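For reference, the structure is listed below as structure tokens.
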Amino acid sequence: MLNAIGDNGVKMTSDGDLSPDFQQPRTGLNLTPDAAAAGTLLRTALETGRPEAMRQCLRIVHQLGLARLLEDVTQPREDFRPLRSGARFLRDQAFYAHKTARVVVEIVEKLVPKKTEESKPLGAEERVWVDMRTVARRFLIEHRENRPKGMPELEEQPLGSAEGLAAMDSAVEWDRIHREQKSAR
């Protein structure tokens, strides 16, 4: 039962749960984010340095299921039908799974205070994040030998190849000149 929307914009249920309310879309219309999408969200939140952004991303990843995002990408589930396939896709997925796990550990280290004798007990949400950090650390340890050696092309050149950028620059320049000539008439 929905009661209110919390200060952070997340719907809260009557028992105080901060989980977002999902509406089931028609079959085939939803794309579940993978480790690449989750890792990008997490890295962006970490780069902002804003604790509220980091907390919200951890909530999103928790809702998506960190274990599902980090599961062994060399043995995809039968019900998993990626948009891309092949050896390159699996290598990229392994890269992003490792990257996601490292960022989860880093964000939780920033958000959850170190336990000391005089520190307050952790809240429910902080305990969930500590559990997420444990899952991420376990993944990194268990898959240490499967760590990707290279980097996906999109990470190395997020805007594309130099040839592609040059072609785009030429096309934009041609468009600009054409518009200027057309407006001069």
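The values are calculated or read from the model by the stated rules, or taken from the named source; none is laboratory data. Here the structure is a predicted model, which is why all the values come from computation and not from measurement. Cβ sites come from the backbone with ideal geometry, for glycine too, and all protein chains shown count toward neighbours.
Of all the listed residues (112, 172), the sole one being among the hydrophobic types (A, V, I, L, M, F, W, C) and either in contact with a Gly (Cβ under 6 Å, 6 or more places away or on another chain) or not assigned by TED's automatic domain parsing to the domain that holds residue 65 (or both) is 172.
Looking at 89, 80, can you tell me which residue is modelled with pLDDT under 85, among the aromatic types (Phe, Trp, Tyr), farther than 17 Å from residue 126 by Cα and out of contact with any Pro (no Cβ under 7 Å at 6 or more places or on another chain)? Even if it seems obvious, please write down each step before you answer.
Working: 89 fails: out of contact with any Pro (no Cβ under 7 Å at 6 or more places or on another chain).
Answer to the selection: 80.
Residues in the range 12-58 that are surrounded by 14 or more Cβ atoms within 10 Å (Cβ to Cβ), modelled with pLDDT under 75 and within 21 Å of the chain's Cα centre (by Cα): how many? Summing the residues that are surrounded by 14 or more Cβ atoms within 10 Å (Cβ to Cβ), modelled with pLDDT under 75 and within 21 Å of the chain's Cα centre (by Cα) in the range 12-58 gives 1.
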